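First up is the structure itself, then whatever we jot down about it.
The values are calculated or read from the model by the stated rules, or taken from the named source; none is laboratory data. Bear in mind that the values here come from a model prediction, so they are computed numbers and not experimental data. Counting neighbours? That spans all protein chains shown, and the Cβs are built from the backbone with ideal geometry, glycine included. Remember, those area values only see protein heavy atoms, side chains included, never the ligands or the DNA or RNA. Shrake-Rupley method; radii C 1.70, N 1.55, O 1.52, S 1.80 Å.
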Amino acid sequence: MSYIDTFYRRTIADNYAFPASSGTTECDTCIIGGGLAGITTALQLVRAGQAVVILEARRIGWGASGRNGGIVSPGYANGGDAIERAVGAKNAHKLHALSIEGMRLLRDTIDELAITSAVPTPGMMSVLRYDNGESLRSRADYLQREFDYSVEYLSRDQVQGVLRSKRYFQGLRDPQAFHIHPLNYLRAMAQEIERLGGRIFEGSPALSVDLGGPEKVVRTARGEIKSRRIVVTTGGYTAGLIPQIKRSFLPIATYVMMTEQAPDLIHQAIATTDAVSDNRRAGDYYRVVEEGKRLLWGGRITTKAASSAALAKELRHEMVGTYPQLADLKIETSWSGLMSYARHLMPQIGQLRPDVWYCTAFGGHGLNTTAIGGKVIAEAILGQSDRYELFKPFGLVWAGGPVGLSVAQLTYWKLRAQDWWRERSST
């Protein structure tokens, strides 16, 4: 199976295919899912000398891990206040510190493996679409005071000096955040896993599992994996292999489009290489790629699969509404991907039963959280720490099934309406 048509597939550094599972393979840890969570977990374990097998139903990074916006910054899909209400101030502080660590782990991995095809572009701007500079000043002070983490407050004039749109008010610039080519990053890690002795099988969906004994058995169409432990790291494309995991999150679609080459036109509107995101729930996020030649723009969510071309028209309408000077900029391709969202909007990281682990539900803020999720699961397996327990309050709660999907879509529309009214009141 090939990758779908995305900017990342078109600019893939290599397209080496890993073999399919066949026969019997024994290992210490079998990881089901070849996305960012699974690959990160595997790399940590194989570096510690474990025999690791990764089973991927399609291709490494085929799902959301290889299709996302490529923006790496601290935080979670859920807001800090909601997290603090769930776990208390002390543990909320620890969780945010983990999200910063995840961001830095990703950058360190790129440096250590010299992944030249995913060299980070530094900087991210988070911008408001209504007037509320004091909230951003307060946020900047909090990050500096509590985490020794510096971000730059930007006035409306400073924001509009580089983002030439009347839609924007104040912003925060994070110089430590960055953006990358996520598929090239992921595939370089996979090759390092294989170099260190790990086994990766593509085109090998896990069809059944036997978790009852001390030896776990995972069966594929032409083979089986015998392992001391299992780690499930699937996302929005999860099948019903372990029902308790599948029912705990919702597959939510998001959409991305990429423009034609038009560097001069794009620079008239966006005079920065920083990634940009606005403050709305499922708001716009975008960045220039190929040294400013193209614009990659993402946003929107739906709970039912929709045509990416149709949603691209909505994204383009949003782009032109934000930047009228881009009215003549053509869209070259568009795509969608399914993210996994838990009801509590937090990653689900923990142990289902002895030697059966899960590391899932990274929708909305996946790059830094998959990195730290994989690391804390590996630490637990290796007996190095119990930091994964910080995520214990965010367990495998039922996401609501079809009703949950309907509620999620209605909630999204409600939040969009609130955002629209707030913007209108500020103009």
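When LEU183 is tested against (1) within 26 Å of the chain's Cα centre (by Cα); (2) over 21 Å from LEU296 (Cα atoms), exactly one condition is not met: (2). Which is among the aromatic types (Phe, Trp, Tyr) and surrounded by 22 or more Cβ atoms within 10 Å (Cβ to Cβ), of TYR3, TYR16, TYR8? Just one listed residue meets the conditions, TYR8. Select from the range 85-113 the residues that are polar (S, T, N, Q) and either closer than 20 Å to VAL72 by Cα or open to solvent by less than 30 Å² (accessible area, probe 1.4 Å) (or both) and list them in ascending order. Passing the criteria: SER99, THR109. Here ALA371, ALA399 are screened, and the one residue that is open to solvent by less than 20 Å² (accessible area, probe 1.4 Å), part of a helix (DSSP H, G or I) and not polar (S, T, N, Q) is ALA371. Considering (1) assigned to a helix (DSSP H, G or I); (2) more than 17 Å from the chain's Cα centre (by Cα); (3) surrounded by fewer than 24 Cβ atoms within 10 Å (Cβ to Cβ), the lone condition that GLN50 does not fulfil carries the number (1).
A Cβ distance below 8 Å, combined with a sequence gap of six or more or placement on separate chains, defines the contacts here; from the range 102-122, residues that are under 15 Å from ASP174 (Cα atoms) reach residues that are among the charged types (D, E, K, R) and part of a helix (DSSP H, G or I) in the pairs PRO120/ARG107. Any residue in the range 400-417 that is more than 16 Å from ILE252 (Cα to Cα) and at pLDDT 70 or above? Within the range 400-417 (the criterion being more than 16 Å from ILE252 (Cα to Cα) and at pLDDT 70 or above), the answer is no, since none of the residues qualifies. The residues on offer are ARG294, ARG300, and the sole one that is buried (at least 17 other Cβ atoms within 10 Å of the Cβ) and either on the phi < 0 side of the Ramachandran plot or among the hydroxyl-bearing types (Ser, Thr, Tyr) (or both) is ARG294. Could you tell me whether ILE270 is crowded, with 18+ Cβ neighbours inside 10 Å, at pLDDT 90 or above, closer than 30 Å to GLY123 by Cα and over 23 Å from the mean Cα position of the chain (by Cα)? Yes, satisfied. Every test in (1) farther than 30 Å from VAL403 by Cα; (2) of a type in the set (A, V, I, L, M, F, W, C); (3) surrounded by fewer than 22 Cβ atoms within 10 Å (Cβ to Cβ) is passed by ILE200 save one, and that test is (3).
From the residues in the range 59-84 that are farther than 21 Å from ARG300 by Cα and not in a loop (DSSP other than H, G, I, E, B), which one is most open to solvent (accessible area, probe 1.4 Å)? Only one residue fits best here, namely ASP81. Only one entry in ALA97, ALA86, ALA177 is among the aliphatic types (A, V, I, L, M), in contact with a strand residue (DSSP E or B) (Cβ under 8 Å, 6 or more places away or on another chain) and in contact (Cβ under 8 Å) with a residue 24 or more places away in the chain, namely ALA177. The residues of the range 316-368 that are open to solvent by less than 40 Å² (accessible area, probe 1.4 Å) and small (Gly, Ala, Ser), listed by number, are GLY321, SER334, SER336, GLY337, SER340, ALA342, GLY350, ALA361, GLY363, GLY366.
Taking every residue in the range 137-163 that is within 22 Å of GLU101 (Cα to Cα) and pairing it with any residue that is at pLDDT 95 or above and of a type in the set (Lys, Arg), at least 6 positions away or on another chain, the pairs with Cβ-Cβ distances below 8 Å are VAL151/ARG139; VAL151/ARG173; GLU152/ARG173. Which of the residues that make up the range 238-253 are over 14 Å from the mean Cα position of the chain (by Cα) and open to solvent by 30 Å² or more (accessible area, probe 1.4 Å)? Once the filter is applied, which keeps residues that are over 14 Å from the mean Cα position of the chain (by Cα) and open to solvent by 30 Å² or more (accessible area, probe 1.4 Å), the range 238-253 yields ALA239, GLY240, LEU241, PRO243, GLN244, LYS246, ARG247.
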